[in-house]
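The values are calculated or read from the model by the stated rules, or taken from the named source; none is laboratory data. This is a predicted model, so every value here is computed, not measured. No Cβ is skipped: glycine too gets one built from the backbone with ideal geometry, and neighbour counts run over all protein chains shown. These area figures cover heavy atoms from the full protein model, side chains too; ligands, DNA and RNA do not enter into them. Shrake-Rupley method; radii C 1.70, N 1.55, O 1.52, S 1.80 Å.
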Amino acid sequence: TQTVSQSDAHVTVFEGDSVELRCNYSYGGSIYLSWYIQHHGHGLQFLLKYYSGNPVVQGVNGFEAEFSKSDSSFHLRKASVHWSDSAVYFCAVREYSNYQLIWGSGTKLIIKP
Amino acid sequence: DAGVTQTPRHEVAEKGQTIILKCEPVSGHNDLFWYRQTKIQGLELLSYFRSKSLMEDGGAFKDRFKAEMLNSSFSTLKIQPTEPKDSAVYLCASSLEQGAVFFGKGTRLTVV
């Protein structure tokens, strides 16, 4: 059974701090991984995805994520957060061979002034 | 550049009513998803279409939830009859195969 785990339900940092949001998955086949952001009252918006090549992928608004096959991880990072980054972040895994899209439970990022 | 459009944004229904939610996917996308989102359950897949063919009908949601896609640019989700536990945000999303998934702003349904 494929799973996507976001172990932190909430992460709190100060504005200007760096942040890492964790995502671990269990799946043995060919997949691609992605991150989405959801601001309060809105739908999810795509941030970035990885399927091959350079394990560090750049997304919008200064976000990047690093794929690690050995750790089965795809953690999201930002060097300096802004108050507007306050949102819920979702990690997702999608198989190459079929439609299955598996979502993590989300991590709420709280930015203190 | 039109994204995914969902209507209405808010819906209030009495228990037992039939409601229909609407979705227009991004033009050219061949995958369409319907999700229900609640704080407790998170994102739950209701239906998935690929090139207008129903690929996934949501298992436990089958009896009162029915999604249709009569053409590639329009989909509906019918809930019949509604129950208070159906109160949630309903999200429609579309994508190209293996591409980024684009979400609508959602419909907030309240069943009283």
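At a cut-off of 50 Å², which residues of the stretch A:67-113 become less accessible once all protein chains are present than in their chain alone, using a 1.4 Å probe?
Those residues are A:Arg94, A:Tyr99, A:Trp103.
What is the total of Lys pairs in the stretch A:3-112 with C-alpha atoms under 20 Å apart, excluding same-chain pairs fewer than 8 positions apart?
Values: A:Lys49/A:Lys69; A:Lys49/A:Lys78; A:Lys49/A:Lys108; A:Lys78/A:Lys108; A:Lys78/A:Lys112.
Summing the qualifying lysine pairs gives 5.
Expected output is a single nm value to one decimal: the length gained when fully extending between A:Glu20 and A:Ser97, i.e. 0.36 nm times separation in residues minus the C-alpha distance. What is it? Write down the numbers at each step before the final one.
On the way: separation 77, 0.36 × 77 = 27.72 nm, distance 2.99 nm.
Separation in residues times 0.36 nm, less the Cα-Cα distance, equals 24.7 nm.
Using a Förster distance of 45 angstrom, determine the FRET efficiency expected from the C-beta separation of B:Glu14 and A:Gln2, and round it to 0.05. Write down the numbers at each step before the final one.
On the way: r = 39 Å, r/R0 = 0.87.
The formula returns an efficiency of 0.70 here.
At a Förster radius of 25 Å, what calculated FRET efficiency corresponds to the Cβ-Cβ distance of A:Tyr51 and B:Met55, to the nearest 0.05?
On the way: r = 21 Å, r/R0 = 0.84.
With a Förster radius of 25 Å, E is 0.75.
Let me know the charge dipole size of the protein assembly as shown about its Cα centre in debye, to the nearest 20, where only the beta-carbon of Lys, Arg (+1) and Asp, Glu (-1) is charged.
Computed about the Cα centre, the dipole is about 380 debye.
In nanometres, what is the gap between the two model label sites at B:Thr110 and B:Thr76, each 7 Å from Cα along Cα-to-Cβ?
2.5 nm
7 Å from Cα along Cα→Cβ at both A:Trp83 and A:Ser30: what's the point-to-point distance in nm?
4.7 nm
Using a 1.4 angstrom probe on protein heavy atoms only, which residues from the stretch B:40-84 are buried by at least 50 Å² of accessible area when all chains are present rather than their own chain alone?
Buried-area filter returns B:Leu43.
As a test, work out the antiparallel percent of DSSP beta bridges whose residues both lie in the protein assembly as shown, rounded to the nearest 5.
Working: 70 of 79 bridges.
Here the share of antiparallel DSSP bridges comes out near 90 percent.
How much accessible area per residue does the protein assembly as shown have, counting only protein heavy atoms and a probe of 1.4 Å, in square angstrom?
That works out to 50 Å² for each residue.
Among the lysines in the stretch B:5-111, how many pairs, 8 or more places apart or on different chains, have alpha carbons under 23 Å apart?
28
Using the Cα centre of the stretch B:5-111 as origin and beta-carbon charges of +1 (Lys, Arg) and -1 (Asp, Glu), tell me which of B:Leu70, B:Val89, B:Val12 is placed farthest towards the positive end of the dipole.
Going by the charge dipole, the pick is B:Val12.
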